[in-house]
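Trainee: Here it is, the structure in full.
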Amino acid sequence: MDLFANTEAAAGAMPAETTAAAPRVPLAWRMRPRTLDEYTGQPHLLGPGGLLRRQLAARRIGSLILYGPPGCGKTALAHLIARTLQMPFTELNAVTAGVPEIRKAVETATRHRQHGGGATLLFIDEIHRFNKPQQSALLPHVEQGLLTLIGASTQNPFFSIIPPLASRSHIVELKPHGADDLGVILEAALGDSERGLGSLPLAAEADALAFLAERCEGDARRALNTLEMAALTTPPDASGQIRLTRAVLEQCLGKKAVVYDGEDAHYDTASAFIKSIRGSDADAALYWLAKMIEGGEDPLFIARRLVISASEDIGNADPRGLMVAVAAQQAVSAIGMPEGRIPLAQATTYLALAPKSNAAYLAVDAALADIRGGMVLPVPPHLQDAHYPGAKRLGRGDGYLYPHDFPGHFVSQDYLGARRSYYRPTGQGFEARLAERMADLHRLGQTPVSRTKHPVQNGSDKRSPDKHSPDKHSPDRGRPEIS
């Protein structure tokens with residue numbers, strides 16, 4: 001590993017192995033941009049006034065964590081920065097490198113500084129794969145300015161990079177290339193005779209290139225390598241031309257692997273799934289469900305999210321939603337995958353199309369907020385447990401009105417000891433009936449109630465002894481059930 005091996009590349013010359021004369025080097029590597037003008041995409045960073053363009057124009061670059069999906073140009077940008085600033089440059093891959101390689105880089109950078117040089121640019125690809133001790137080994141040298149770090153990560157740095165290192169770096173998010181940007185990149189490769197495919201007798205159909213740009217979902221590496229495979233494996237026609245049609249590119253494109261590693265993809269996809277259910281978009285919810293399944297997500301994690309959504313987002317607007325979600329969870333646990341995808345899909349579509357209410361969710365959080373805010377109420381004496389010897393002498397349960405002894409099985413009495421309103425049912429689905437019921441009970445509660453009981457228990461005047469007094473013959477009378 002020589003930190004100065006790429007000095008020529010940093011000055012603007014392309015190493016010989018990146019030219020079209022060396023077919024072993026993939027097209028995507030050969031077509032890396034050599035200047036800012038050749039770089040396509042990321043206008044928020046490299047466009048007029050963009051952060052990196054300003055830094056490069058001032059020839060002052062700080063440590064960076066380049067974060068974005070595969071094929072968005074992280075590695076190309078790191079090489080371009082080194083080439084533009086003509087800095088000593090080395091590249092490590094966190095999959096194969098460790099603390100010894102970092103130590104060697106530091107030693108070489110120290111020698112460079114001792115000879116009057118400045119900071120050394122250290123590019124670490126897949127930096128999120130470094131563990132905490134490996135990342136910590138970089139800290140003092142980045143802090144002192146010996147190393148200017150550029151790390152590339154496909155995972156969210158706020159999850160994968162230790163806070164001290166992240167705080168010493170600019171977190172720079174790169175976006176997937178748009179289809180128009182990929183079209184420009186593909187055309188550049190077709191027209192470049194030195195590094196690209198311009199020396200081949202290619203005839204690429206416009207709709208075929210548009211198809212490839214659309215299907216590669218922002219991944220320039222995949223687009224270029226697919227184009228190269230099509231160009232090198234398609235025989236010329238009678239006129240000697242290699243015709244790249246949509247059918248040819250579709251055959252070479254293959255199946256895209258689902259990127260579903262790390263906390264970012266896990267939580268972002270689950271978030272999109274739940275928000276689609278909440279937004280009543282069954283088709284979107286099914287897509288995110290399918291992505292989680294194809295990405296290898298734990299099906300019981302999906303089922304648990306459905307159970308939460310059934311109460312958080314549907315609630316009493318459709319109480320059956322919780323039953324459907326719990327049944328799906330039990331079904332997945334019993335039958336496993338791949339058949340488990342079926343009850344998961346059933347529950348997903350049911351919840352997505354069910355009427356929505358978060359009233360119960362808001363209600364319990366409001367009650368929790370009161371308690372955590374210091375409103376800790378004692379249980380009113382008439383509601384306290386009276387089913388043990390001596391409770392009557394303590395006044396426990398004294399004055400409690402048994403609702404089943406009153407007309408409509410309802411009697412107004414204080415159940416809290418304070419005036420609070422938490423549950424506010426909506427007019428959605430079944431919850432509209434609950435709202436009407438609450439309004440009726442509220443009206444009844446405004447009417448003064450006689451303390452005289454009116455037994456109407458299913459036509460019987462007899463009270464249930466097990467509801468009002470402990471059974472002395474019960475083997476559990478020491479700790480009776482609270483009524």
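The values are calculated or read from the model by the stated rules, or taken from the named source; none is laboratory data. Since this is a predicted model, take the numbers as computed values, not measurements. Please note: Cβ atoms are built from the backbone with ideal geometry, for glycine as well, and neighbour counts cover all protein chains shown.
Trainee: In the range 1-46, how many are surrounded by fewer than 12 Cβ atoms within 10 Å (Cβ to Cβ), at pLDDT 85 or above and out of contact with any Ser or Thr (no Cβ under 8 Å at 6 or more places or on another chain)?
Mentor: Qualifying residue count, the range 1-46: 1.
Trainee: Still on this structure, I have one more. Take Ile335 and tell me if it is closer than 25 Å to Glu294 by Cβ, modelled with pLDDT of 95 or more, of a type outside the set (S, T, N, Q) and surrounded by fewer than 17 Cβ atoms within 10 Å (Cβ to Cβ).
Mentor: Here the answer is no, as Ile335 does not meet what is asked.
Trainee: Right, Leu45: hydrophobic (A, V, I, L, M, F, W, C), within 19 Å of Asn156 (Cα to Cα) and touching a residue at least 12 places away in the same chain (Cβ under 8 Å) or not? Show your work before the answer.
Mentor: Values: hydrophobic (A, V, I, L, M, F, W, C): yes; within 19 Å of Asn156 (Cα to Cα): yes; touching a residue at least 12 places away in the same chain (Cβ under 8 Å): yes.
Yes: the conditions hold for Leu45.
Trainee: Something else: Looking at the range 54-68, which of the residues that are surrounded by fewer than 17 Cβ atoms within 10 Å (Cβ to Cβ) and not aliphatic (A, V, I, L, M) is nearest to the chain's Cα centre (by Cα)?
Mentor: That would be Gly62.
Trainee: Considering each residue of the range 374-400, count those that are touching a helix residue (DSSP H, G or I) at 6+ places or on another chain (Cβ under 9 Å), surrounded by 15 or more Cβ atoms within 10 Å (Cβ to Cβ) and within 19 Å of Arg419 (Cα to Cα), and give that number.
Mentor: Final tally of qualifying residues: 1.
Trainee: Out of all the residues in the range 355-367, which are outside any helix (DSSP H, G or I) and touching a Ser or Thr at 6+ places or on another chain (Cβ under 8 Å)?
Mentor: Lys356, Ser357
Trainee: Where in the range 129-235 are there strands (runs of 3 or more DSSP E), lying fully within it, with 3 or more residues that are without any contact (Cβ under 8 Å) to a residue 60 or more places away in the chain?
Mentor: Where strands (runs of 3 or more DSSP E) fall fully within the range 129-235 and carry at least 3 residues being without any contact (Cβ under 8 Å) to a residue 60 or more places away in the chain, they are 202-204.
Trainee: Could you tell me whether the range 215-222 includes any residue that is within 29 Å of the chain's Cα centre (by Cα) and assigned by TED's automatic domain parsing to the domain that holds Gly62?
Mentor: Taking the range 215-222 and keeping what is within 29 Å of the chain's Cα centre (by Cα), we get 215-222.
Add one more test, that the residue is assigned by TED's automatic domain parsing to the domain that holds Gly62, and what stays is none.
No, that holds for no residue.
Trainee: Is there any pair linking a residue in the range 320-337 that is farther than 12 Å from Leu306 by Cβ to one that is hydrophobic (A, V, I, L, M, F, W, C) and part of a loop (DSSP other than H, G, I, E, B), with Cβ under 9 Å and at least six apart or on different chains, and which?
Mentor: Listed by first residue and then by second, the contacts come to Arg320/Ala354; Arg320/Phe430.
Trainee: Follow-up question, since we're still on this one. If you go through the range 83-98 one residue at a time, do you hit one that is out of contact with any helix residue (DSSP H, G or I) (no Cβ under 8 Å at 6 or more places or on another chain), modelled with pLDDT under 90 and under 30 Å from Leu232 (Cα atoms)?
Mentor: no
A quick yes/no check of all residues on (1) surrounded by fewer than 19 Cβ atoms within 10 Å (Cβ to Cβ); (2) within 28 Å of Gly218 (Cβ to Cβ); (3) over 30 Å from the mean Cα position of the chain (by Cα):
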| site | (1), (2), (3) |
| --- | --- |
| Thr120 | no, no, yes |
| Phe123 | no, yes, no |
| Leu138 | no, no, no |
| Ser153 | no, yes, no |
| Ser160 | no, yes, no |
| Pro164 | yes, no, no |
| Lys175 | yes, yes, no |
| Ala189 | no, yes, yes |
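Trainee: Right, next: Mind telling me which of the residues Ser271, Ser169 ends up being of a type in the set (Ser, Thr, Tyr), within 30 Å of Ile124 (Cβ to Cβ) and surrounded by 19 or more Cβ atoms within 10 Å (Cβ to Cβ)? Reasoning before the result, please.
Mentor: Working: Ser271 fails: surrounded by 19 or more Cβ atoms within 10 Å (Cβ to Cβ).
Criteria check complete, one pass: Ser169.
Trainee: Let me ask something else about it. Which condition breaks for Leu80 when tested against (1) buried (at least 20 other Cβ atoms within 10 Å of the Cβ); (2) at pLDDT below 90; (3) not in a loop (DSSP other than H, G, I, E, B)?
Mentor: Going through (1) buried (at least 20 other Cβ atoms within 10 Å of the Cβ); (2) at pLDDT below 90; (3) not in a loop (DSSP other than H, G, I, E, B) one by one, Leu80 breaks only (2).
Trainee: Here is a further query. Taking the range 394-442 on its own, how many of its residues are part of a loop (DSSP other than H, G, I, E, B) and under 17 Å from Pro380 (Cα atoms)? It would help to see each step written out before you state the result.
Mentor: Start the filter on the range 394-442 by keeping residues that are part of a loop (DSSP other than H, G, I, E, B), which leaves 394-402, 406, 410-430.
From what's left, under 17 Å from Pro380 (Cα atoms): 394-402, 411-420.
Adding up the residues that qualify gives 19.
Trainee: Does any residue in the range 259-285 that is of a type in the set (Ser, Thr, Tyr) and part of a helix (DSSP H, G or I) come within less than 7 Å, Cβ to Cβ, of a residue that is surrounded by 15 or more Cβ atoms within 10 Å (Cβ to Cβ) and modelled with pLDDT of 90 or more six or more places away or on a different chain, and which pairs are these?
Mentor: Thr269/Trp288; Thr269/Lys291; Thr269/Met292; Ser276/Ala284; Ser276/Ala285; Ser276/Trp288; Ser276/Ala352
Trainee: Only one of Ile308, Ile277, Ile342 is of a type in the set (A, V, I, L, M, F, W, C), at pLDDT 95 or above, within 30 Å of Asn156 (Cα to Cα) and surrounded by fewer than 19 Cβ atoms within 10 Å (Cβ to Cβ); which?
Mentor: Numbers: Ile277 fails: surrounded by fewer than 19 Cβ atoms within 10 Å (Cβ to Cβ); Ile342 fails: within 30 Å of Asn156 (Cα to Cα).
Going through Ile308, Ile277, Ile342 in turn, just one is of a type in the set (A, V, I, L, M, F, W, C), at pLDDT 95 or above, within 30 Å of Asn156 (Cα to Cα) and surrounded by fewer than 19 Cβ atoms within 10 Å (Cβ to Cβ): Ile308.
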